[in-house]
Amino acid sequence: MPRQNTMVSLSVALAMCLLSQACAADTVATLQTNPFSNPYIGEREVTKDTVKKTPPPTVHELRGTMTAGANSQANIGGVILTLGEAIDGYKLVAVKQRYVVLDKDGTQKTLSLDADARNPGYE
């Protein structure tokens with residue numbers, strides 16, 4: 001009988017240890033940063049601890065053209081634009097067979113379908 005009491009006492013002690021460990025592990029860890037935040041939204045103040053992040057420059061890729069007079073269209077980066085429409089502030093002012101002309105505040109940019117004449121990008 002004394003041996004049985006000892007086993008019961010050890011079992012109770014072991015159960016209490018396991019229970020105290022389980023209660024200690026119940027604490028909820030909090031995230032230090034938001035995993036869904038976009039670093040490009042909003043301007044962050046530059047201090048010695050942070051680095052100011054700026055969005056990448058706008059680059060458009062001409063994928064195709066369709067010349068049809070006033071109804072001419074261009075596929076720029078997967079977006080179909082009709083003559084006179086705009087993308088990122090650039091207005092489509094001319095559509096030719098192998099290139100298009102975009103205008104933003106009087107500055108014109110040309111995008112070409114030809115590999116050797118492609119504009120590698122602009123701001």
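Structural remarks
- Amide H contacts under 5 Å for ILE76, placed H, 5+ residues apart: ARG63, LEU81
- Here the peptides 100-107, 64-71, 6-13, 88-95 are ranked by packing, the mean other Cβ count within 10 Å, and the order with the highest first is 88-95, 100-107, 64-71, 6-13.
- Taking one quarter of the surface of the C-alpha convex hull of the stretch 62-117 gives a mean projected area of 3.5 nm².
Each value in this text was obtained by applying a stated rule to the coordinates, not by laboratory testing. Remember, it's a predicted structure, so these values are computed and weren't measured experimentally. Heads up, the Cβs are rebuilt from the backbone with ideal geometry, glycines too, and the neighbour counts pull from every protein chain shown.
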